[in-house]
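Here, each number is a calculation from the coordinates, and none is a lab measurement. Computed from a prediction, not measured in an experiment: that's the story for all the values here. Quick reminder, even Gly has a Cβ in these numbers, built from the backbone with ideal geometry, and neighbours come from all protein chains shown.
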Amino acid sequence: MDFPILLTILLAPIAAALILVFVPKEENLTIRSVAAAGTFVSLALSLYAYFTYDQSVGGLQFAMQIPWIQDLGVTFFLAADGISLPMLLLTNLIGFSAVFASWNINSRPREFFILLLLLIAGVMGTFIAHDLFIFLLFYEVVVIPIYIMVVIWGSSKRVTKEYAGMKLTIYLLIGSAFLLVGVIALFVKTSAMSGVPDMSFTGMAVVARQLSGFDQIWLFGLMLLGFGSLISMWPFHSWSPDGYAGAPTAVSMIHAGVLKKIGGYGLVKIAVFMLPAGAAFWAPYMAVLGVAGVAYAAMGALAQKDLKYVVGYSSVSHMGYVILAVACLNVIGLNGAVANMFAHGVMAALFFSMIGFIYEKTHTRWIPDMGGLARQTPRLAVGFMMAAMASLGLPGLISFIPEFTIFIGAFDVYGGLAVVGIAGIIITALYVLRAGANTLFGPPRPEYNHLKDIRGPEMVPLIVLGTVLVVGGLLPSLLFDMINSGVVPLHAAISDALQLGGKF
Amino acid sequence: MLVEFAMMHAWLVPLLPALAFLVIVFLTRPFEKLSAIIAVGSMAIACVIASFAAYGIFTNHEYTKTPLVYAAKWLSLGMPGVTDSLMVHVGVQLDPVSAMMMFMVSFISTFIFLYSVGYMKGDPGYSVFFAYLSLFGASMLLLVISSNLLQMFVAWELVGLCSYLLIGFYTHKISAREAAKKAFVTCRVADFGLLLGLLALQITFGTLNLVELGEKIHNFQEYTSIGMLTLIAVLVFIGPIGKSGQFPLHVWLPDAMEGPTPVSALIHAATMVVAGVYLVGRTMFLFHEVESAMQLVAVTGAFTALFAATIALTQREIKRILAYSTVSQLGYMMLALGVGSLTAGMFHMWTHAFFKALMFLAAGSVLTALHHKADVWEMGGLIKKMPITGWTFVIGGLAIAGIPPFAGFWSKDEILVATLAEGHYVLFAMAAFTAFLTAFYMWRMIFLVFFGDEKPENHPQESPWTMTVPLIVLAVGAIGAGWFGTPWYNVWAEWIYFGEPHHGPINYGAMLLSIVLAGSGIYLAYTMYLKDAQKKRARKLAEWFGPVYRMLYNKYYIDELYLWFNHALVDGTARLFYLFDLYVVDGLVNGIGTFTKSSGDGLRVFQTGRLQNYALIFFLGVLAVAVLVTFTGPSAASLVLGGVK
């Protein structure tokens, strides 16, 4: 048997969490080092997996199957393809950075890092699981640490951290409840049809694609509700700004960076993949909701004065593009959807980590209370501006090409509707530059003269995420060749099914 | 050998300054001198390579027909032929237009970089400034040599970024910060149009490569209708309206003067702002097919030229006057393209780069000498203390006014002749009148700043050699750059043209007219601002035409209009959306929460925990069942109770 690379990636943070249990709670440096080491192992191995994945062969690689509940067709099935590898890599990039973004956590650091590691492992699990049951299992695992971390280490501003944590958790749970109903119904239908229960993505999909158009439509509808509220699809988005504002930096990074991408990932790899006729039916509605989210949240972001709310609304707006892209159901659009999730993940994590540092140092996130920080904390300003520029889709940074491909895919299919979405780039520029200008530029404030710029371990998020931001922008094929190798077969499968069944 | 190498490795030209950027940012930032040397040196080497490559292009007439193109894959999506797909290249396209531009940009950049060595002395962000300049040089050169429109768009946005960073270079100044933001957002609005145009091109023609697009658009009927093509052309043109400061998106350019003066000279006069003109020139194959789009370009250009010139009449800040004159001159270039003369448009761009960069640098020299006092009315007689700055500025002034044999005369003449030849008499009249205004406002400034009485409170000194050498070099250009395209000896038109080279007949009438207009403009300025030492006439004129004067001085209140639009409309809508989100969407969510909670509260009434209550309910239940069974009989009751016998 080959070296179980995916399993190792998954278990490294869990192992680190277990070690932390036995580390005395005063050993601050040891605690941080163990957490960093755990995430580093995962990061290194997922980089290795990313670059050794054979794109010319494509399909599922590094697969590992252990039969588990045979009556339900459940196998512990880990595997990665061109869509899941970028998401796995993204999780680890952000996870690793999140550890360093939390370097200065002083209250109960051990518990914090244990929960953080479990959270990272849970998120990774959803991206490499190739079995619907396992996928859901990891998804539920994620919810628990998030809630605890928000409530204990969060911050109360416009809303209390308890409210924010509650809102976040309940939304996730309600989303997953819809999802669960959908999955159970799907399982019942497919196993009745084939006679052999099978929860693996591919096995289930083969059967599910033969379901009648009507079944596909309502099943897809349930999944759209579930995944949609996870990816903060308008109008199920209101958890996102409040939740990010209340959460501690690391949770905001992981949540905005990867966790909400589970929604987009699930839409592509589960809902669209298994229920293409349902997807074809819902696509125009998704496109409308996507565009509505882009425009609405961009306008919302414009009205914010708290930095975290700006980025919170901004992330809702960017996810609108992902939904629009999935709704294109063509190769260019799907490529753009996955790539944009990756790009936004890196950018949002960098943004939140920089805001986290600003908050840590100035004790405020209220934009009118800031100004001129570029003079006092130049490195922080560089990181902030890089994230800001990526957010407005500056070419040369990672998010331009994904957005461009989405625009091509969407313009082709939806025409005028897409134009409204594309207009979002103007509003985005407006709010992002305004936030940047009012925070970083202008006359420096004397009360911040004593601030120390980020240095040492604090630099890690900027270095790691900033590098990805630039390299991904200059060499987009590093990302797109991989995604394309996953999207092309997926698209082939769904278009075959649509042609057999006729477009609904 | 060298020429061959330079032509096949033209990508080195943008790469060198890009490397300089990286080196300065990551390595040499603490060492100011070294940073400056790296920036100037890399740009100078790039300029040498560009010169060799340009030499290679301009010695072989083949390249006017078939450009030299080489490219590498940048991105490829889908499976061509099987699914929808997207293929993007990065590449180099060398032909006379891009070779000229590549040489012009790298040449002028080199000297402006050199100028900055002296100008920026003592600035805390010295190294960073050179890093930004290098990044700008790299982006601009990438734009110039692009072989496809997406690559061009990438570079287009990157030069915008550099412009943003450099306008806002004095980060502590609120005015700089706001000007930078304004520039970025205004150009963003325009780029939205351009982006839509590019998307439509990609979707309609399946490519963004310039050469392929040229061929396909020539037979556009096979792909799309003339209506769609018109729309695409108009959308594409919106980009240049923003970048090249055409009306109504010109508002950012005068504000951009908040940046250090070398930036104004390089980015906001000689190179970046002409990118819009260059883009229209590059996509001439598109505009050429659509008559109405051409007219739009021509009218926009002529109107902008006149409009900006009228504003320049009344401005007081030296750099603002120059900025409006830039807007006006860009209008000339657009006009030339719009009447179908790529030759004239590119020619004016070429000469303008020299004399306008020269004037900005000279203005920078003046500002340094006067400790950044910018009002022309507070200056005077500077030419005695600053002879090099003064006389080179005068050369620039003669060139822009259109006095032969200075460079501007020949290129402006080309534009006027081309406009006349196409039968656009109204546009010709506008352009000719603008020429008169240009001569007037430029010389108003020159007389006020350099001649007349010295002001005792000023103690000007000539600038160091790093600043004066670029002035002299550019002054040579401002004199001689136009000699390539005189009506009697027009090499320019043999190389740079669209379709077929066209030599208009020598039009002595137009030539005479433009000399007379320029001369009278200068003379009028002389009588008003130099001869009349008290400037009584100028003051009287301003009083007589009070409202007009104020309107011009306030730039037709367009900035106020946009500000109002932004604050009242955009921000107002944003607030509305946010309130909607807070009270409706969130209200609904919280409402559901509250409903759940209150229904829980309601049900809690029954959960009293008192045994006697439970016993009572239990008893009532039993009673109800007993009654049911008694009155309906066991079989009917079992229907309700389900099997209880």
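Numbers for the structure displayed
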item	result
Net dipole in debye of the range B:218-329 [+1 Lys, Arg Cβ; -1 Asp, Glu Cβ; about Cα centre; nearest 20]	320
Label point distance in nm, B:Leu563-B:Met551, each placed 7 Å from Cα along Cα→Cβ	2.0
Computed magnitude of the charge dipole of the range B:300-429 (debye, nearest 20; Cβ of K, R +1, Cβ of D, E -1)	440
For A:Asp306, distant residues with modelled amide H under 5 Å away	A:Ile367
Debye log10 I(q)/I(0) at q = 0.20, 0.23 Å⁻¹ for the range A:15-76, Cα point scatterers	-0.84, -0.90
Ordering of B:154-167, B:460-473 by packing [mean C-beta count within 10 Å, highest first]	B:154-167, B:460-473
Estimated Rh, the range A:387-504: Kirkwood, alpha-carbon pairs, angstrom	17.8
Charge tally in the Cβ shell below 14 Å around B:Phe192, where Lys, Arg are +1 and Asp, Glu are -1, B:Phe192 excluded	-1
Neighbouring partner chain Cβ atoms per residue of B:401-407, average, 10 Å criterion	0
Charge dipole (the protein assembly as shown, unit charges on Cβ, about Cα centre) - positive-most of A:Ser485, A:Leu275, A:Ser232	A:Ser232
Solution diffusion estimate, µm²/s, Stokes-Einstein, the range B:388-501, Kirkwood Rh from C-alpha pairs, 25 °C, viscosity 0.890 mPa s	152
Spherically averaged projected area in nm², based on the convex hull that wraps the Cα atoms of the range B:516-565	4.7
With Cα atoms, 0 to 90° folded angle of helix B:611-641 axis to chain B main axis	80
Residue-averaged beta-carbon neighbours from other chains (10 angstrom radius) around B:77-90	6
Hypothetical label at B:Val570: residues of the range A:425-442 whose amide nitrogen lies under 17 Å (7 Å Cα-Cβ projection)	A:425-439
In sequence order, calculated HN-Hα J values of the range B:383-388 (Karplus, 6.51, -1.76, 1.60; Hz; x Gly/Pro)	5, 5, 8, 10, x, 5
Likely footprinting exposure, B:Lys216, B:Lys243, fewest C-beta neighbours within 10 Å first	B:Lys216, B:Lys243
Rel. contact order, % - alpha carbon contacts under 8 angstrom, at least six apart, chain A	16
Summed side-chain charge close to A:Asp242 - residues other than A:Asp242 whose Cβ falls under 13 Å, Lys, Arg +1, Asp, Glu -1	+1
Fraction of the pair-distance distribution of chain A above 40 Å, Cα-Cα pairs, percent	15
Residues A:Ser176, B:Ser116 arranged by fewest to most Cβ contacts within 10 Å	A:Ser176, B:Ser116
Top positive-direction residue, dipole computed over chain B with Cβ charges, set B:Trp11, B:Phe129, B:Pro405	B:Phe129
In sequence order, calculated HN-Hα J values of the range B:363-380 (Karplus, 6.51, -1.76, 1.60; Hz; x Gly/Pro)	4, x, 4, 4, 4, 4, 5, 9, 6, 6, 8, 10, 7, 5, 6, 9, 10, x
Full-extension gain in nm, B:Ala624 to B:Asp601, via 0.36 nm per residue minus C-alpha separation	5.6 nm
Cβ-Cβ FRET estimate between A:Ile69 and A:Met193, R0 fixed at 22 Å, reported to 0.05	0.65
Convex hull per residue volume in Å³, alpha carbons only, for the protein assembly as shown	210
Theoretical FRET efficiency, 1/(1+(r/R0)^6), r = Cβ-Cβ of B:Lys536 and A:Ala44, R0 51 Å, to 0.05	0.05
Amide N proximity, the range B:314-347 versus B:Val426 label position 7 Å along Cα-to-Cβ, cut-off under 17 Å	B:335-336, B:338-339
Distant-in-sequence amide H partners of B:Leu75 (H built 1.01 Å from N, under 5 Å)	B:Val88
Calculated FRET efficiency for the pair B:Phe26/A:Leu180, C-beta based, R₀ 45 Å, to 0.05	0.35
Likely footprinting exposure, B:Trp544, A:Trp218, fewest C-beta neighbours within 10 Å first	B:Trp544, A:Trp218
Modelled label reach - A:Arg108, point 7 Å along Cα→Cβ, the range A:138-178 residues with backbone N closer than 13 Å	A:145-154
Residue-averaged beta-carbon neighbours from other chains (10 angstrom radius) around B:570-581	6
Net charge of Cβ neighbours under 14 Å - reference B:Glu422; Lys, Arg +1; Asp, Glu -1	-2
Estimated dipole of the protein assembly as shown in Debye, rounded to 20 [Cβ of Lys and Arg +1, of Asp and Glu -1, Cα centre]	2780
Cα→Cβ-extended label distance, 7 Å offset, between A:Asp369 and B:Lys121, nm	4.5
Inter-site label distance for B:Lys65 and B:Leu512 at 7 Å from Cα along Cβ, in nm	4.1
Hull volume in cubic angstrom per residue (convex hull over the Cα atoms of chain B)	276
